[in-house]
Amino acid sequence: MKSRYFFSGMLATIGVALFHVLIYPYLFAANFGNVSYYVLISVIFFAVFFISDYFIDYFKIEIARQSTGFIAFYLILFAVWFVSMYLFENESYYFSEDYSLRHRIPFYLYFSFLLLASACVFLFLSKIKKNIKFLRIISAVALSITQTVVLFAPNIINDHGGNLFHIHAYFNPVYNIVKGLPYDDIIASIYGHYPLFYYLPMKFLSLFGIPMIHSAMIITMIFGFVSFLLIYIALSRFIKRDGLFYISIVSVSYISFYYYQSGQYYQMLPHRILFPAITLFVLSVFYLKKIPAWIQIVVSATGLLWNFESGIICLIILTFYSVFINAVFEKKRSFKDYFWEVIKCILSFAVSFGLLNVFNFALGGRMLSVKDFIYPIMSNDFEISGLAIKIPTFLSLYFLEFAVLMLLLCIIIVKIFKKSFNKEELYLASVTLMGLGMFPYYFNRAAFANVSIVHIPFLFALCYAVQLFFDEFENTEKKYKKGMMIGSVSVIFAFFCMGALSGIPLSINDRVNSSWKTDEYDQLCDIIKTYIPSDAAAVGPGLTDIYTSLGWEPQIYVMDWSDWDCSQTKREYALKEINSKERILLCDSSAVKSYLDKNDWVTVEFLFDAFYYLERIDENTDKKDFILLYSDNNDYSIEDFIDLCFLNCYENYSDDERMNYYLAVYDIVKDRGVLYDFILDDYNINKFGFENY
């Protein structure tokens, strides 16, 4: 790779950075589209790169042909980017103070550690050249198991990342399919048709009496383990040096121990990395060889069925790879070689679409359309724009990965047009395109951890580029050039390794103190089983999950309650079903209660994750208000809790009456505020024997 390409990439990186810092705040204020912005900065990067490369070549600018100066400048650029991210990320992402190592210790100390870690990585990359396969296998399996273990979250009400909202959104479509409900206008999934892959395994686990929520979690962990292990196997197949391999797998684990340090987001991990991992594994197995057509079709078809967004990227990457291997690099190529690649794409789509409809027919459902297949993409009924999160105005972590991938893509394009592109570089091109193809998901919903969708293909591209560099300069006399190139990537690897290694104890500690503590969840289930009729319909995130633990039927079946309000059709159906019930148990984190007429219902309030029990009022029912449940996990003190629940609610009572209520309840709660402590019926204070306290 010529030095001037890196110089042009540096100029393009600076150009995009300046545009983002100076112009993007105005676009942000004008609600400029996120994906449109991704396209815009990509165009800017391309323009600056190719224009500068042309002038450097035309005018024979010597400074751009020297490697030492601009590699050093890249390191300075990294330092400037890192400092800007450090200063502004807490304001934008609302981190807790102990979330990342760089915010738990003074900045100068962290930066010193980063430089020390970079030196260690540099030595690792430079000196450790052996390839001991047995140690690689042990390391890969051990790290995969560790990443898999932290995916387990039996206490969904206290998982800091997934909680009721996200875990329910992912698992509710699974419960629907396992219960035998076919896809239709109401029963759908915004994350693809992955529930079909859960059907048989969950049916098998049910034979052993495992509740649905736990069997779904076990299968998710298996998918996670497979994803991690395939990623590490794929890395091992093309990385020749142990030093680079161990640095790369620790950097990959950043996705588990940093991005998702505080809990689950199954929609990303393992959902959106499973088929990219399978694709990367297939590319590594058939490295520089033709991929059998049946494998390409099976992987593409199942990937599309699992999740259309990631599946279509996998299909494109496998097709791109096959076009070059089967046609471009073949001396005797013909039109039929290219036509066969188109046929394989059509077959992949047809097989996936056909499997979906065969399964739906088997469940007694209707013929699904293409719009159903790619739902919610191109849907007029689902408000995808409501899920959008704006790109932060500072240069966050995405910018590092974007700049590296764009630089590699520009170099690949130059080499293709100059007919110097070879088979060894095809793998690099494939993983680079995969990373850039995944970026629109992050740009559309720019939550902090969503950039993790790009993290794995980014590291594959970076590691493969480093391996190509080692191959090229293994016996070179230009040690300074080799040293500077290794040094520049060492800083990036050190950044990710520090985040991963410092995040492991925090991740384990978080699980031990939250989602692995099941006493709280079990107590809540006991309360519901004791006080709530089993025929109460479950409404809202988390309740269908809890009902699976109790063996109860939720009565109302929808896509999921976390996203119910993004679709008018599904919202109207859900409200119609709710209003047809005599009693419901409601988790209102998705604001269902605001749609209900309070004059139609008797309300029992759980002051724990906004749970409510509602019974329909008829002409023979007195209007009643219940308060149930005091939790020491609330942000309220006991006094604030009682003020909120009583003194503000009982406006029609005299001050003396309210004070009597206050004192009676305080006396009960003060020593026993664990999960629930009292039930108070405002129309009959003696009903539950307060006089005995």
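Being modelled with pLDDT under 85 and in contact with a helix residue (DSSP H, G or I) (Cβ under 6 Å, 6 or more places away or on another chain), is that true of even one residue in the stretch 422-445?
Within the stretch 422-445 (the criterion being modelled with pLDDT under 85 and in contact with a helix residue (DSSP H, G or I) (Cβ under 6 Å, 6 or more places away or on another chain)), the answer is no, since none of the residues qualifies.
Being within 20 Å of residue 413 (Cβ to Cβ) and surrounded by fewer than 17 Cβ atoms within 10 Å (Cβ to Cβ) is the filter here; which residues of the stretch 324-340 pass it?
Scanning the stretch 324-340 gives 328, 329, 338.
Somewhere in the stretch 528-549, is a residue open to solvent by 10 Å² or more (accessible area, probe 1.4 Å) and in contact with a Cys (Cβ under 6 Å, 6 or more places away or on another chain)?
The answer is yes; a qualifying residue exists.
Does the stretch 341-354 contain any residue that is closer than 26 Å to residue 165 by Cα and either at pLDDT 95 or above or open to solvent by less than 50 Å² (accessible area, probe 1.4 Å) (or both)?
We begin by selecting, within the stretch 341-354, every residue closer than 26 Å to residue 165 by Cα; these are none.
No, the stretch 341-354 contains no residue that is closer than 26 Å to residue 165 by Cα and either at pLDDT 95 or above or open to solvent by less than 50 Å² (accessible area, probe 1.4 Å) (or both).
Among the candidates 444, 422, 450, which residue alone is more than 23 Å from residue 232 (Cα to Cα) and in contact with a strand residue (DSSP E or B) (Cβ under 9 Å, 6 or more places away or on another chain)?
Exactly one of 444, 422, 450 is more than 23 Å from residue 232 (Cα to Cα) and in contact with a strand residue (DSSP E or B) (Cβ under 9 Å, 6 or more places away or on another chain), namely 444.
Can you name every residue in the stretch 93-114 that is open to solvent by less than 50 Å² (accessible area, probe 1.4 Å) and at pLDDT below 70? Quick ask: steps written out before the conclusion?
Just the residues of the stretch 93-114 that are open to solvent by less than 50 Å² (accessible area, probe 1.4 Å), to begin with: 93, 95, 99-103, 105, 110, 114.
Passing the criteria: 93, 95, 99.
For the stretch 358-414, which residues satisfy the criterion of being among the charged types (D, E, K, R) and open to solvent by less than 30 Å² (accessible area, probe 1.4 Å)?
Residue satisfying the conditions is 401 alone.
From the set of residues in the stretch 277-296 that are within 23 Å of the chain's Cα centre (by Cα) and open to solvent by less than 10 Å² (accessible area, probe 1.4 Å), which is nearest to residue 313 (Cα to Cα)?
Of everything passing the filter in the stretch 277-296, 279 is nearest to residue 313 (Cα to Cα).
For residues that are charged (D, E, K, R), at pLDDT 75 or above and surrounded by fewer than 16 Cβ atoms within 10 Å (Cβ to Cβ), scanning just the stretch 52-92, find the one that is farthest from residue 410 (Cα to Cα).
If we take residues in the stretch 52-92 being charged (D, E, K, R), at pLDDT 75 or above and surrounded by fewer than 16 Cβ atoms within 10 Å (Cβ to Cβ), then 60 is farthest from residue 410 (Cα to Cα).
For a quick check of your reading: which helices (runs of 4 or more DSSP H) sit entirely within the stretch 460-576 and have at least 2 residues that are closer than 30 Å to residue 287 by Cβ and in contact with a His (Cβ under 8 Å, 6 or more places away or on another chain)? I'd like the intermediate steps shown before the answer.
Details: elements: 479-513, 519-531, 543-550.
It comes to none.
Across the stretch 299-335, what is the total count of residues that are under 18 Å from residue 276 (Cα atoms), in contact (Cβ under 8 Å) with a residue 24 or more places away in the chain and assigned to a helix (DSSP H, G or I)?
Counting residues in the stretch 299-335 that are under 18 Å from residue 276 (Cα atoms), in contact (Cβ under 8 Å) with a residue 24 or more places away in the chain and assigned to a helix (DSSP H, G or I) gives 22.
Select from the stretch 297-314 the residues that are open to solvent by 30 Å² or more (accessible area, probe 1.4 Å) and more than 25 Å from residue 384 (Cα to Cα) and list them in ascending order.
Of everything in the stretch 297-314, just one residue is open to solvent by 30 Å² or more (accessible area, probe 1.4 Å) and more than 25 Å from residue 384 (Cα to Cα), namely 298.
For the stretch 4-51, give me the residue count where each residue is open to solvent by 20 Å² or more (accessible area, probe 1.4 Å), part of a helix (DSSP H, G or I) and of a type in the set (S, T, N, Q).
1
Consider residue 206 against the criteria (1) modelled with pLDDT under 90; (2) open to solvent by 50 Å² or more (accessible area, probe 1.4 Å): it satisfies all of them except one. Which criterion is unmet?
(1)
Please work out which residue is most open to solvent (accessible area, probe 1.4 Å), limiting yourself to the stretch 577-601 and to residues that are modelled with pLDDT of 85 or more and part of a loop (DSSP other than H, G, I, E, B). Step through it out loud before you land on a result.
In the first step, residues of the stretch 577-601 are kept if they are modelled with pLDDT of 85 or more; the result is 577-586.
From what's left, part of a loop (DSSP other than H, G, I, E, B): 579-582.
Numbers: 579: 77, 580: 73, 581: 45, 582: 109 Å².
For the stretch 577-601, the residue satisfying everything is 582.
Starting from residues that are open to solvent by less than 10 Å² (accessible area, probe 1.4 Å) and under 24 Å from residue 600 (Cα atoms), keep the ones in the stretch 555-569 and report whichever is modelled with the lowest pLDDT.
Within the stretch 555-569, the match that is modelled with the lowest pLDDT is 564.
Is there any pair linking a residue in the stretch 119-148 that is in contact (Cβ under 8 Å) with a residue 12 or more places away in the chain and closer than 15 Å to residue 466 by Cβ to one that is assigned to a helix (DSSP H, G or I) and of a type in the set (Ser, Thr, Tyr), with Cβ under 6 Å and at least six apart or on different chains, and which?
From residues that are in contact (Cβ under 8 Å) with a residue 12 or more places away in the chain and closer than 15 Å to residue 466 by Cβ, the pairs are 121/490; 122/490.
Here's the yes/no breakdown for (1) out of contact with any strand residue (DSSP E or B) (no Cβ under 7 Å at 6 or more places or on another chain); (2) under 19 Å from residue 322 (Cα atoms); (3) among the aromatic types (Phe, Trp, Tyr); (4) assigned to a helix (DSSP H, G or I):
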| residue | (1), (2), (3), (4) |
| --- | --- |
| 371 | yes, no, no, yes |
| 395 | yes, no, no, no |
| 403 | yes, no, no, yes |
| 412 | yes, yes, no, yes |
| 428 | yes, yes, no, yes |
| 431 | yes, yes, no, yes |
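Is it the case that the stretch 233-246 has a residue that's crowded, with 24+ Cβ neighbours inside 10 Å, in contact with a helix residue (DSSP H, G or I) (Cβ under 7 Å, 6 or more places away or on another chain) and closer than 16 Å to residue 504 by Cα?
Checked against the condition, which is being crowded, with 24+ Cβ neighbours inside 10 Å, in contact with a helix residue (DSSP H, G or I) (Cβ under 7 Å, 6 or more places away or on another chain) and closer than 16 Å to residue 504 by Cα, the stretch 233-246 yields no hits at all.
Need pairs with beta-carbon distance below 6 Å; first residue in contact (Cβ under 8 Å) with a residue 24 or more places away in the chain and within the stretch 439-457, second assigned to a strand (DSSP E or B); sequence gap 6+ or separate chains.
445/389; 446/389; 447/389
The values are calculated or read from the model by the stated rules, or taken from the named source; none is laboratory data. Every value quoted in this text rests on a predicted model; they were computed, and no experiment measured them. Please note: Cβ atoms are built from the backbone with ideal geometry, for glycine as well, and neighbour counts cover all protein chains shown. To get the accessible areas, we keep the full protein, side chains included, count just its heavy atoms, and leave off ligands, DNA and RNA. Shrake-Rupley method; radii C 1.70, N 1.55, O 1.52, S 1.80 Å.
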